[in-house]
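Let me begin by presenting the structure, written as structure tokens, before commenting on it.
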Amino acid sequence: MDYMKFSGGAHSLRCTVAALAVCVVLGGCGTANVHVQNNLKPGSPFPRSVAILPFSTAKDVLEKEKKPHEILREVFFDYFSYLGYTDLPLEEVDRRLTEAGMPVERDDPKNYTLSPEELAKILKVDAVVRGHILRANNFTGGLHSETLINARLEMVDLKTGAVVWNVEHEEMDYSGIATPSFIDIVKKQVENAKVQHAYHKTAEAFVVQVVQQIPDPAGLREQEVRLPEITELRTNLRPGRVLKSGEKVRVAFAGPRGHSATFDIGNWKTGIPMLEIAPGRYSGSYEIAEGDRIADALIIASLKDPSGFSGKKYFRAALVNIDASAQAAALPVTP
């Protein structure tokens, strides 16, 4: 898709914007509502190993050749892997399905009507995640751009055939003429013209909403794998705050002493090192560089023991929003 070009003088543009100033900027479509049918409880059986099946999509979506179903599956795997399940890599899922004679085509949900027993035999996991794109759209035109993903996801326990959780959610990234400046509008249009990037950004916002509500068995598996426990996780983030170039994302937490600590900013920046500044006290930061940009990313802290087992924890109080296209205001120097 070609980048959107605008014509006309600055005066005409100002008149147009003024005339249409009643339009508003919309972002997202509310919080995902994950329906949990089978809560994880101590002492009760729960799926330990999970395979994420190839997501299917409506044929009219597939005909656009933008493959949002593949992007959503990959982004979902990236975030889902932080939960306490044992995840089968996507490539291995596809390989086992192909060897079993199952086409890894994503335009027909009927391809995945295998029984739980058949899937367990082929994939050798306890549960699967199914996904189906109901609607997807990427549009850029005039002073308006939007990218939308509407999808249905569910986890099925292959031992019982029961649905553990399911969700249908719609996420939209929208830009209209109420964007603060014409330059911002142009930037948004250019971003949206990069279709794969636009879908990836919207998929990440979709997945962040969903993964935060999925039951996490990490706590139930602590005795099984002795995961290091992270406590007192803190950051300098505030809801709605947008970080600029030169500012820092600061993360600190407590845990067992003598371990290796890192944190991730979603799957955008991973493995950011942290130091043990006092016994069992870990701290680290990431300085925003010019050109950095990310929206609605989770902070995920990780603590690894000498045996290689890692404990992870989300910071849920605020998401990371970075726009380093402009320098941050100079901060006063503390003497």
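Computed from the coordinates by the stated procedures, all read-outs in this text should not be read as laboratory data. Since this is a predicted model, take the numbers as computed values, not measurements.
Of LYS269/LYS313; LYS67/LYS201; LYS201/LYS248; LYS201/LYS244; LYS159/LYS304, which pairs sit farther than 24 Å apart, going by alpha carbon to alpha carbon?
On the way: LYS269/LYS313 16 Å; LYS67/LYS201 14 Å; LYS201/LYS248 22 Å; LYS201/LYS244 19 Å; LYS159/LYS304 31 Å.
In this structure, LYS159/LYS304 lie more than 24 Å apart at Cα.
For region 226-327, the Kirkwood estimate of hydrodynamic radius, built from reciprocal distances between every pair of different alpha carbons, is 13.8 Å.
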